[in-house]
1. List the number of the failed condition for E206; all other conditions in (1) part of a helix (DSSP H, G or I); (2) within 30 Å of P278 (Cβ to Cβ); (3) over 23 Å from the mean Cα position of the chain (by Cα) hold.
2. Exactly one of (1) of a type in the set (V, I, T); (2) crowded, with 20+ Cβ neighbours inside 10 Å; (3) in the same structural domain as F47 (by TED's automatic domain parsing); (4) over 30 Å from F21 (Cα atoms) is unmet by V200. Its number?
3. Checking Q496 against (1) crowded, with 23+ Cβ neighbours inside 10 Å; (2) within 25 Å of the chain's Cα centre (by Cα); (3) modelled with pLDDT under 75, only one condition comes out false. Which one?
4. If you go through the stretch 91-140, how many residues are touching a Pro at 6+ places or on another chain (Cβ under 8 Å) and modelled with pLDDT of 85 or more?
5. Can you find a residue in the stretch 65-75 that is of a type outside the set (S, T, N, Q), buried (at least 24 other Cβ atoms within 10 Å of the Cβ) and more than 29 Å from G499 (Cβ to Cβ)?
6. Just wondering, is there one or more residues in the stretch 445-455 that are under 19 Å from F139 (Cβ atoms), in contact with a helix residue (DSSP H, G or I) (Cβ under 7 Å, 6 or more places away or on another chain) and modelled with pLDDT of 80 or more?
7. Just the residues that are in contact with a Leu (Cβ under 6 Å, 6 or more places away or on another chain) and either under 25 Å from V291 (Cα atoms) or buried (at least 21 other Cβ atoms within 10 Å of the Cβ) (or both), please, taken from the stretch 775-798.
8. Only helices (runs of 4 or more DSSP H) wholly contained in the stretch 1-92 count here; list those with 2 or more residues that are within 25 Å of P172 (Cα to Cα).
Amino acid sequence: MPTPQPNRARALWRTVLASAFRTALACSIVGIATLYGPVSFQNQVAFPAFSYVTVILVVTDATLGDTLHSCWLALYASVQSLGPAMLSLWLIGPAKLTNGTTALAVALAGMIVVLPESTHMIAKRIALGQIVIVYVIGFINGGQTQPIMHTVHVAASTAVGVLACVLALLLPYPRLACFEAKKSCNLLVENSSERLKLLVKAFCAEEKAAASGFLSQAKLLNAAANKLHQSIKRFQGSMKWEKLPFKFLRRYYMNSGEKLQEIEMGLRGMEIALESIPSFPVGLMVDGGQVKDGLLKLEDHISLTLKQVKSFIHGDSVTVPESNAEDAMKFLQTLQAVPRTHQDLPTFFFLFCMKLLHSKSLPKPTNKTPVKPDPFSSETIGFSFMEVWSSCGFKRERIKPAVKFSLSLGLAVLFGLMYSKPNGFWSGLPVAISFATAREATFKVANVKAQGTALGTVYGVIGCFLFERFLPIRFLSLLPWFIFTTFLRQSKMYGQAGGISAVVGAVLILGRKNFGPPSDFAIARIVETFIGLSCSIAVELLFQPKRASALAKIELSKSLETLHECISNICLEPIEANHVENQKQLKFHVNQLGKFIGEADVEPNFWFLPFHSACYGKLLGSLSKMVDLLLFGAHAIGFLKQDSQKLEIPWKGTVNKFDDDLKLFKESIGSLIKHLSKIPSIKSIPILDKELENNNISYDIEIGKSPYLKLFRVSDSDEDEMDKVLNSFLQHSNEAIDVMQGIEGENEIKSQMVLSLSALGYCIKALTTETRRIEEGIRELVQWENPSSRVNLHEISCKIHALCG
C-alpha cells in the first residue's frame, strides 16, 4: 500500500501539470491566432500582449465554469471601460493628449471602475488593463489613433484571450467545477474518516505518548482538510455557471460543503478535548471495557454515515439501519452522573462531540433528485440585472481606496511616460492587473512582483536567444516555465502575485515578434514595472500610514470587545438573533486579526519596534479556540433544552440555579475580558501616566475600592474564583440529574443531559483557561512594548478606568 507522502506528491504533480497544460494551451491558441492568423484578423487583434495578460488573469487554476463566468465579466468590463474611453478620446482627440492629461484620464477612469463594491475582481482587473492600453497607446500613437477602431481593437484582443481560455478548458476534455468539487468532497470524507479513527485511538490509548502520537497524525490531516474545505468553497462559486449549458450534469450539483463543515466541527471538538485530558488511560477506559467497545461501535457507525454522505455526493443511496444507530449510542446510557472533578470534564466533552458528530453526519431527509431551478433565474446563470445595478452603487467607505488606487495608477502612468514614451504603458499595466480590494502586505507583494517579473523576463530573453528562429519551439519552451511558476504560486515565498508576474514576464517575450531585440524590451519592461511598483508603495504609505502591527492591536481590542458581548449573552433561555450575530462578528474579527498578524510578520521594521509575532500567535490561538468553545456551548444548551422538554418534573428551579452560576461566570470572566480589551489600545505606560498628569486625574489601586481588580491574577498560587463557580455548576448539575426518578426513558434522558451539562461545564472551564492565557499574553505584550517599565495590569486597568471616566 502506497504511503501518504508519495500519494500527496503524485496528486500535487497531477494538479500542477494539469494547470500548466491548460495555461500553455490557452497561450498557444492566442499565439497561433495572432501570429499565423489572417492579416485582417491580426489587424483587428492589434494588442496580442493584452490577450496574453487576459489569459493569465482568467485561466490560472480555473474551471470551465470560471471561464464561462469570465466571458460575462470581460463583456461587463469592456462596456464599463471602453465605452467611456471611446467617447472621451473622440471628444478630446488623441493628438491633444499629453503626459499629464493621459495620466489624469487613466486615474479618473480607474477610479470609476474601482469605486463600485460588487464588481468582480477579474472584471475590475480587465477593465483597468483596458483603460491603460486605450489611453496610453492612444497617446503614444497620437494623431494616427482612430478613437473608435482603437477601442474595438482592445476589445477584440480581450475577446481572443477569453475565448482561448474557454477552448483550453474544453480540450482535450472539460475541467468541470462539479467534478472537482465532488473529488474534493470524496477526499474530505476519507480524510474525516481517518481522523476519526486516529482520535478514537488516541482516546483509548494506554499512555500519554501513544495518545500524543495519534493526535499529531490527526492534526496533520486537519491541515489537509482545511485546504479541501477551501477548495470546495471555491468550486461551488463556479458550479452554477456550468448548469445552464450542461443540463445533463445537474444531478452532480449538490451542495455538500455545508454538511461536511458541520462534520468538521465535531472532529475539531474531539481534538480540543484530547488536548485537555491530563493523563492516560482515561478513567472511563479503566473502569471497564463496555465504554471502549461502545465507542468503537459508534466510530464504525459514524464511518458508515460518512460513507453515506459520500454516496449522496455521487447521487447514489446507501441506508444505514436505524437499529445500528440505537445500538451504537446505547453505551452512553452508562453515564448517569456529571463528573465532580474538573479533570474528568474533557473525557465527557469528547463523548459529547462524538454524539454531536453522529447527529451532524446523519443525512437529512431529502429528495434524491435535486430541485431544478428556473434556468433563467439569477441563481442559475450567476447574475441578474439587480446584481449589475447594485454593483454600480457607490458607498462612502469606498471613496478613499478608490482615490488611493487611482492616484497610484495615474502616477505610474505619468512617470512611466516621462521615462520612456514608447514603453510607458508597462508601468501602469502591472498596477492595473494586480488590483486588490483587500489590504495587502505592501512591501512583500511589491517585492515578489518585482522578483517574479525579473525571473520571467530573464527566462524569456534566454528562450528567445536559444530559439530565435524557431517560434513554435519558443512556445514549447513555455511549458516547463508554466510548471515551475505553478509551484511558485503555491509557495509561501512568492504566492499568487509573484507566480503570475513570472508567467506574464516570460509570455510577453516568448509570444511576440517584430518588436526589436528582446534584451532591450526586457530592460525597458523591468524598469517600467519598478516605476509602477514604486508609485504603489509611495501612495500606500501616504494614504495608509498605519502599520499592520498597529492594526493588529486595534483588531485585538475589537475581538476582545466582541468576545465580551458573546459571553454576556450566554444563557439557558432561547438564543436571540443578536447572540448569533455577535458570534459571527467575533469570528470575523478573529479572522481579521489573523490577516493583520500575517501581514505584520513580513513588513519591514524600519525604525519601529519589532512585531512580537509569537505573543500575537498565542493570543490568536486562544481567541480561535474560544470561538469554537462558544459554538459548542451553544450546541450543549440546545441539546439541554430539547431533553428538558421531555421531562414531566419541574425544571424551572433547576434552570434558575444554572442561570445563577452562569451569571457569576459572565460577571467575572466577561468583566475581565472587558477590561483586558482596553489595555492593548494604550500607546505606552509613560504616555498613559503623562495623560493622567496633564488632566490632573488620580487613580485608586486599592482592591477594596476597585472591586473589578479582583479579576486579575496576582500570582499562580491565588485561588481562582472561577473554580468555585464551576464547582457550584457541577453540584447543581448532579442535583438536577438526581431528581430524575421514575420517568419514562430515564437512563437515556439522564445520559443525554449528563453529556450536555458536562460539555457546558467543560466549555466554562476552557473559556476560563483561555481567558487567563489571554491575560498572560497581554501582560507579555505590554511588557514587550514597555521594556523599562514595571507592568501591573491591575494598575494599568485602574489608570485607564480613571482616564476614561
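The values are calculated or read from the model by the stated rules, or taken from the named source; none is laboratory data. Nothing here was measured: the structure is a model prediction, and the numbers come from that model. Virtual Cβ from ideal backbone geometry, glycine too; neighbours counted across all protein chains shown.
1. Every condition holds for E206 apart from (1).
2. All conditions are met except number (3).
3. The one condition Q496 does not meet is (1).
4. Count: 6.
5. The answer is no, given that none of the residues of the stretch 65-75 is of a type outside the set (S, T, N, Q), buried (at least 24 other Cβ atoms within 10 Å of the Cβ) and more than 29 Å from G499 (Cβ to Cβ).
6. no
7. If the condition is that a residue be in contact with a Leu (Cβ under 6 Å, 6 or more places away or on another chain) and either under 25 Å from V291 (Cα atoms) or buried (at least 21 other Cβ atoms within 10 Å of the Cβ) (or both), then G777, I778 are the ones that fit.
8. Qualifying helices (runs of 4 or more DSSP H): 4-36, 48-59, 64-92.
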